1. Checking L53 against (1) surrounded by fewer than 19 Cβ atoms within 10 Å (Cβ to Cβ); (2) under 28 Å from A238 (Cβ atoms); (3) at pLDDT below 90, which test does it fail?
2. In this structure, is I78 under 21 Å from the mean Cα position of the chain (by Cα), among the aliphatic types (A, V, I, L, M), modelled with pLDDT of 90 or more and crowded, with 16+ Cβ neighbours inside 10 Å?
3. So which residues in segment 141-179 are of a type in the set (F, W, Y), assigned to a helix (DSSP H, G or I) and either touching a His at 6+ places or on another chain (Cβ under 6 Å) or under 18 Å from I56 (Cα atoms) (or both), if there are any at all?
4. Just a yes or no: is a residue in segment 29-43 farther than 21 Å from A181 by Cβ and not in a loop (DSSP other than H, G, I, E, B)?
5. Can you find even one residue in segment 261-276 that is of a type in the set (K, R) and either in contact (Cβ under 8 Å) with a residue 12 or more places away in the chain or surrounded by 15 or more Cβ atoms within 10 Å (Cβ to Cβ) (or both)?
6. If I filter segment 140-150 down to residues being touching a residue at least 40 places away in the same chain (Cβ under 8 Å) and crowded, with 20+ Cβ neighbours inside 10 Å, which single residue comes out as nearest to L53 (Cα to Cα)?
7. Looking at G171, G205, G151, G167 in this structure, which one is within 21 Å of the chain's Cα centre (by Cα) and not hydrophobic (A, V, I, L, M, F, W, C)?
8. Kindly evaluate W101 against the criterion of being in contact with a Ser or Thr (Cβ under 7 Å, 6 or more places away or on another chain), under 21 Å from S26 (Cα atoms) and of a type in the set (A, V, I, L, M, F, W, C).
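The values are calculated or read from the model by the stated rules, or taken from the named source; none is laboratory data. All values derive from a computational prediction rather than experimental measurement. Note that we place each Cβ from the backbone using ideal geometry, even for glycine, and neighbour counts take in every protein chain shown.
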Amino acid sequence: MAVLDAPVERPGRVKSFLRLVTIEHSVFALPFGYLSALTAMQVNGGRVRWLDLLLITIAMVGARTFAMAANRILDRRIDARNPRTAKRELVTGAVSVRTAWTGAVVALVVFLAAAALLNPLCLALAPLAVVPLVVYPYGKRFTNWPHAILGIAQAVGPVGAWLAVTGTFDGSGPAWLLGAAVGLWIGGFDLIYACQDIEVDRQIGVHSVPARYGARFALHASTVAHVVTFALFLWFGALVGFGWLWWIGLVLTAAAFAYQHVVVSPTDLSKVNRAFFTANGFVGIALFVFALLDLVVRLGLRP
């Protein structure tokens, strides 16, 4: 009697879609949204508004999920021509284009609904926040600096979180500083990340700083971006009155930035993923934890 092969279990559409958008990477942006929101709460009464934090979480995850899905859909033919990305779900067929579009639309609706529940200003600005999320995938087709568009998209998070709490632009200066810092941080790392694809990008006509100017220039530009990022973190902390706990977090952040730039060089890009997962994840979490401690211990933020 023939032995039948056991059926191969295929993941469900939802699970495959979440893998497509790397939902776990939301952890990189959320700490800065929380930092901005909690700082705004401390400035405006000193009490945590848990419903606002929940809606901010839903809005940020929804926006990021939409952005990632749109990026994967629009880039699927480019991804198919790059050995590094050729196993992504839309290329292999693990996720259909229809499923990806469905997930993207659902995520967009969730984002807009959360914005509407926060306050009228957030709802009015929500369509503007979507613009860089859609433009970014096209950026590599017409500019050598798509990393700047990604930076703008990332800068929206802290600004939006502050406005979600206050409902007004008045007094939002710290949020713009934090947003600029986050945008430069992510844009600077994207310069490093894009170095992996220099030769392929040149062959298939994808634009980026590394493809146009080389890895050495891109890594130097990333260093400059991260130096400015650190200066903006310093300015933000001084502006909102953070104390010694925040500065400890900044020392750890400086060490993470230094590690990121030491382990990656123009002649050795093998540790780019380590820099991404280790250094970038650490930066967001460390800064948020020490800022939260400072808000609670020194500045009197109350649950």
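1. Of the numbered conditions (1) surrounded by fewer than 19 Cβ atoms within 10 Å (Cβ to Cβ); (2) under 28 Å from A238 (Cβ atoms); (3) at pLDDT below 90, the odd one out for L53 is (3).
2. Values: under 21 Å from the mean Cα position of the chain (by Cα): no; among the aliphatic types (A, V, I, L, M): yes; modelled with pLDDT of 90 or more: yes; crowded, with 16+ Cβ neighbours inside 10 Å: yes.
So I78 does not fit the description; no.
3. So the first thing to find is which residues in segment 141-179 are of a type in the set (F, W, Y), and the list is 142, 145, 162, 169, 176.
With assigned to a helix (DSSP H, G or I) added as a condition, the list becomes 142, 162, 176.
Hits for segment 141-179 are W162, W176.
4. Within segment 29-43, not a single residue is farther than 21 Å from A181 by Cβ and not in a loop (DSSP other than H, G, I, E, B).
5. From segment 261-276, those of a type in the set (K, R) are 271, 274; that's our starting set.
Pick out the ones that are also either in contact (Cβ under 8 Å) with a residue 12 or more places away in the chain or surrounded by 15 or more Cβ atoms within 10 Å (Cβ to Cβ) (or both) and you get 271.
Yes, that holds for at least one residue.
6. L150
7. Numbers: G171 fails: within 21 Å of the chain's Cα centre (by Cα); G205 fails: within 21 Å of the chain's Cα centre (by Cα); G167 fails: within 21 Å of the chain's Cα centre (by Cα).
None of the others qualify; the one that does is G151.
8. Judged against the criteria, W101 is not a match.
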